[in-house]
Amino acid sequence: MTISNYTSTVLGYPRIGPRRELKRALESYWDGSLDVGQLHATARSLRRQTWTQLRDLGLDLLPSNTFSYYDQVLDTAVLLDLIPDRHRVGDDLASYFAMARGTKEVAPLPMTKWFDTNYHYIVPEIGAATTVKLNAAKVLGELAEARELGLETRPVLVGPVTFLLLSDPSPGSAPGFTPLDRLDDVLAIYAELLALLAAEGVGWVQLDEPSLVTDLSDRELAAVTQAYSFLGGLPTRPQLLVASYFGSLGEALPALASTAIDAVAVDLVRGTTDSLDLLAGKTIVAGVVSGRDVWRTDLARASETLRGLGSDVIVSTSCSLLHVPYDVDAESNLDPALASRLAFARQKVAEVVALARGEVTALRAEDAARAGAAAREGVTREGVASEGVASERVAREGAARERVAAAGEGFAPAGPASEPVREWVPRKAERRSPYTTRAAAQAAHLNLPVLPVTTIGSFPQTGDLRAVRAGAVAGRVNEQQYEAAIEDEIAKVIRLQEELGLDVLVHGEPERNDMVQYFAERLEGFATTQHGWVQSYGSRCTRPPIMHGDVSRPVPMTVRWARYAQSRTSKPVKGMLTGPVTIVAWSFKRADITLAESVWQVAQALRDEVRDLEDAGISIIQVDEPALRELLPLRRSAQAAYLDWAVEAYRHTTSGAADRTQIHTHLCYSDAGTVFAAIDALDADVTTIESARSHGRILGGAAEFERGLGPGVYDIHSPRVPTLDEVTASVAAAAKVIPRERLWVNPDCGLKTRTYPQVEASLKHLVTAARAARDQKDQ
Ligand code: GLN
Ligand code: ZN
C-alpha cells in the first residue's frame with residue numbers, strides 16, 4: 001500500500017571502494033607499481049559500481065562528481081584552477097597530488113578536519129590577484145560516464161561560500177585580505193560552469209554549503225545572499241539545490257529563502273524543521289536518514305516528519321554517506337542482535353527509497369525476517385541463545401552504570417536513571433598538586449635535558465607487522481608467536497630510539513591496528529567491524545568501532561607491552577592511551593544516551609588503566625586527545641558546555657596520577673586557537689601538538705600556555721623528510737615563544753604511516769637540531 005510518493009536521492013556516497021579498491025590503487029600508483037591508465041580504470045569501475053547500485057536500489061536522483069582521487073575541496077580548487085605555481089609540477093594529476101601530498105621539493109597544502117567529522121580536506125589557497133578560471137573536465141567527465149550507463153545525474157560541487165570560507169589567503173597576502181574578497185570572481189566561474197551544464201542538458205546541480213550551519217558574521221551572511229541571488233538569477237542554468245548539513249541553517253535560512261534557487265537540502269537529524277515554512281515555493285530535500293551514524297532509521301518517525309513538510313519534498317540523507325561504511329551485509333562477525341539495529345550506506349539508501357515510496361512496513365518486515373535468520377544462525381554458530389547473551393550484557397551494563405553513579409567524583413546523573421537521555425553534571429577532578437609542584441617532582445624523578453626530544457607514539461607499521469597481526473586474528477599465528485613478534489618489534493624500536501638519541505621513548509604501538517579500535521576491542525560496550533572502513537584523508541581510512549552499550553574494562557589493556565618496553569631501556573618510556581573524547585569521537589556514537597555520558601563512561605575505564613600503568617612502574621603517561629576539537633559544536637552557543645564536560649572527562653582520566661608521574665597529551669589538527677583555553681584546562685604536564693603543516697600558526701597562543709609544550713616540527717602527514725635547516729628554524733621559532741625549560745621537540749603526530757628510512761632521517765634532524773639549540777644556550 002502506497003501512502004505517499006516522494007522522489008528519493010542521497011547527497012553523496014562513499015568512494016574509497018567496498019574493499020578499499022581506490023586506496024590500494026592510489027598507493028600503488030604513488031609507489032610506481034601501477035600506471036595511470038590502471039588508476040583511472042579502477043576509479044571508473046568504482047563510479048560505475050556506485051551508480052548502478054544506487055539505480056538498482058531504486059533511488060530516483062543520482063549524484064555525480066562525488067568521486068574523488070583525494071578530496072572534494074581540492075577538486076573544487078582544481079575546478080577553479082586554483083593551483084599554486086609551486087605545485088604546478090607536471091600534468092594536472094601530478095599537480096593535484098603535489099597539492100595533496102607534497103613532493104620532495106615542495107610541501108603540500110595544509111589539511112584540516114571537515115566540520116565536526118573525522119574527514120580531512122585540503123585547504124585551498126587564494127590571493128587578491130590569483131587568476132581563477134574554469135576547469136570543468138572532472139565534472140563533465142563524470143557526467144558523460146554516467147550517461148554511458150544511460151543515467152542522468154546531478155553534479156555535486158562545494159558551493160562558493162563554503163569554498164571561500166574554508167580557503168586560506170595565499171602566503172604573502174596583505175593583512176586585510178580574506179578569500180571572501182574574491183567572491184565576485186569565483187561566482188563568475190560558477191556561473192560559467194552552470195551555463196555549460198545547462199547547455200549539456202543537466203537538470204539539477206547540487207552546491208554543498210555546510211558552512212551555512214555555522215555562526216556567520218553579517219558579512220558572511222551577505223555573501224550567502226549575494227551568491228545565491230546571483231546564481232539563482234542566472235538566465236540559463238540547471239535547477240539549483242543548495243545543500244546544508246551537520247546542523248540547522250539558522251540565519252542562513254531566510255537568506256537562502258530570499259533567493260531564486262530551486263531547492264534547499266536540510267539536515268533533519270541534527271537540525272530541526274523550525275522555520276522551514278520560509279522555504280515555501282522551493283523544494284525541500286529532507287535529510288531524514290542520518291549520514292553520520294550507523295543506526296537504522298526510525299522510519300515511522302521519519303515518515304511523520306516528511307508528512308509535516310508539505311508536498312514539495314524530496315527524501316534524502318542528512319549529508320553525504322561518505323561518513324559511513326558501505327554495507328552491513330558484508331559483516332559476518334557481528335552479534336546478530338546488534339547487526340539487526342545497524343544500517344550502513346547501502347541500507348540507508350534502501351531506507352530513503354522505502355520512505356519515498358511509502359514502503360516502510362515492507363522494508364521493516366524484510367529486516368525482521370533477516371534478523372530472525374541471523375539470530376537462528378547465531379544460535380547454531382555460537383551454540384548459545386542470543387537472548388542469553390543479550391541479558392548477560394544488560395546485567396553487565398547495569399553494573400557499569402551503578403559504578404559511574406556511585407563514584408564520588410566526576411559526573412552524577414541529574415535525572416532519574418530510567419530516562420533514556422540523561423544530562424550529566426561535571427564535578428571537579430584535580431591532580432593532587434598544582435603544576436609547579438608536579439613539575440619539580442617530575443624533574444627530580446625523570447632527569448631530562450632541556451628541549452627533550454620525543455615522538456608521539458607509533459612507529460612505522462611494516463608489512464611484516466600487519467601480516468603478524470592479521471595472522472593472529474586468523475589463527476595462523478599462535479599466541480606465543482604473536483607475543484614474540486610484538487616483543488621483537490618493541491625491542492627494535494627502543495634500540496633505534498636509543499641509537500638516534502631520543503630522550504623520552506615510546507614502545508611504537510606495534511600491537512595496535514588503530515589507536516581507537518585497539519581500545520574498543522578491549523572494552524565492553526563496543527563492537528568492531530571487518531569491512532566498515534570510512535575515508536579519513538586521501539587514501540587513508542579508519543574503521544570506527546560501534547559504541548552500542550555501557551562501557552567497562554574487564555582487564556588492563558596496555559600494561560603488558562608498556563612494562564616490556566620499559567624493561568628494555570633505562571630511559572623513560574611513555575605509556576600510551578587514547579583519551580575518552582577521542583575514543584568516542586572516532587567511534588559511531590550511541591543515540592540513546594548523551595555524548596557526555598558516553599565519554600564519561602570511557603573516562604572511567606581509562607582512569608583505572610592510568611593507575612595500572614603507574615603501578616607497573618611507568619613514569620610518563622600520554623593520553624592522546626587529537627579529537628578534542630572535532631567534537632566541538634559548530635555553533636558557538638553550545639561550545640562552552642561541551643568543552644566543560646570534555647575537559648572534565650580528561651581530568652577524570654588523568655587526575656589519579658601521582659605528582660611525579662608526568663602526564664602528556666597530544667592533539668593534532670586542533671586549530672588550537674579556538675580551544676587553547678580548554679587545552680590549558682586539561683592540565684596535562686606536557687602537550688604535543690600539530691603545527692608543522694599550519695606554518696606554526698599554533699605558536700600564536702603558546703605564549704600564555706604555562707606548562708610543557710611541544711609544537712610539532714616535522715610534518716609526518718607528508719612523505720617528505722624535513723631538512724635540518726627547516727627543523728632548526730622551527731625549533732628556533734618555537735623557542736622564541738615558549739621558555740626553553742618547557743619546550744619539547746617532537747614530530748606532529750604518530751609515525752605509523754611513514755617508512756623507516758623517512759623516520760630515521762627525520763628524527764636525526766630533530767635530535768641534531770635540539771642538541772644544537774641546547775648548546776647555543778649553554779655557551
Ligand atoms: N599515539 C598516537 C600515534 O602516535 C597518536 C596518533 C594521533 O594523534 N592521531 O599514532
Ligand atoms: Zn596526532
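The values are calculated or read from the model by the stated rules, or taken from the named source; none is laboratory data. These figures come from a predicted structure and were not determined experimentally. Positions of Cβ are backbone-derived with ideal geometry, glycine not excepted, and every protein chain shown enters the neighbour counts.
Note on segment 725-779: among residues that are more than 16 Å from ligand 1 (Cβ to nearest atom) and among the polar types (S, T, N, Q), the one that is farthest from the chain's Cα centre (by Cα) is Gln779. For Val213, indicate whether it is touching a residue at least 60 places away in the same chain (Cβ under 8 Å), under 15 Å from Gly287 (Cβ atoms) and surrounded by 21 or more Cβ atoms within 10 Å (Cβ to Cβ). For Val213, the condition - touching a residue at least 60 places away in the same chain (Cβ under 8 Å), under 15 Å from Gly287 (Cβ atoms) and surrounded by 21 or more Cβ atoms within 10 Å (Cβ to Cβ) - is met. Taking first residues from segment 119-139 that are within 17 Å of Asp92 (Cβ to Cβ) and partners that are aromatic (Phe, Trp, Tyr) and modelled with pLDDT of 95 or more, the Cβ contacts under 8 Å between residues at least 6 apart in sequence or on separate chains come to Ile122/Tyr70; Pro124/Phe163.
On inspection, Ile716 qualifies as over 14 Å from Ala773 (Cβ atoms) and of a type in the set (A, V, I, L, M). The set of residues in segment 724-779 being surrounded by 21 or more Cβ atoms within 10 Å (Cβ to Cβ), hydroxyl-bearing (Ser, Thr, Tyr) and over 23 Å from Asp31 (Cα atoms) consists of Ser730 alone. A count restricted to segment 431-485 and to residues that are within 16 Å of ligand 1 (Cβ to nearest atom), closer than 21 Å to Gln566 by Cβ and part of a helix (DSSP H, G or I) stands at 1. Residues that are among the small types (Gly, Ala, Ser) and buried (at least 24 other Cβ atoms within 10 Å of the Cβ) within segment 599-613 comprise just one, Ala603.
Of all the criteria given as (1) closer than 21 Å to Thr665 by Cα; (2) hydrophobic (A, V, I, L, M, F, W, C); (3) surrounded by fewer than 17 Cβ atoms within 10 Å (Cβ to Cβ), the one not satisfied by Ala439 is (3). Restricting attention to segment 564-588, the residues that are buried (at least 19 other Cβ atoms within 10 Å of the Cβ) and either within 16 Å of ligand 2 (Cβ to nearest atom) or part of a helix (DSSP H, G or I) (or both) add up to 14. Restricting attention to segment 663-697, the residues being closer than 15 Å to Lys113 by Cβ, within 16 Å of ligand 2 (Cβ to nearest atom) and either at pLDDT below 75 or in a loop (DSSP other than H, G, I, E, B) (or both) number 9.
Of all the listed residues (Asp56, Asp85, Asp81, Asp60), the sole one being acidic (Asp, Glu) and buried (at least 16 other Cβ atoms within 10 Å of the Cβ) is Asp60. Exactly one residue among Thr728, Thr753 is β-branched (Val, Ile, Thr), in contact (Cβ under 8 Å) with a residue 12 or more places away in the chain and either in a loop (DSSP other than H, G, I, E, B) or closer than 14 Å to Phe459 by Cβ (or both), and that residue is Thr753. When Gly475, Gly463, Gly549, Gly532 are screened for being without any contact (Cβ under 8 Å) to a residue 12 or more places away in the chain, more than 16 Å from ligand 2 (Cβ to nearest atom) and on the phi < 0 side of the Ramachandran plot, only Gly463 passes. Suppose the filter is closer than 19 Å to Asn5 by Cα, among the polar types (S, T, N, Q) and assigned to a loop (DSSP other than H, G, I, E, B); does Thr297 pass it? When the stated conditions are applied, Thr297 passes them.
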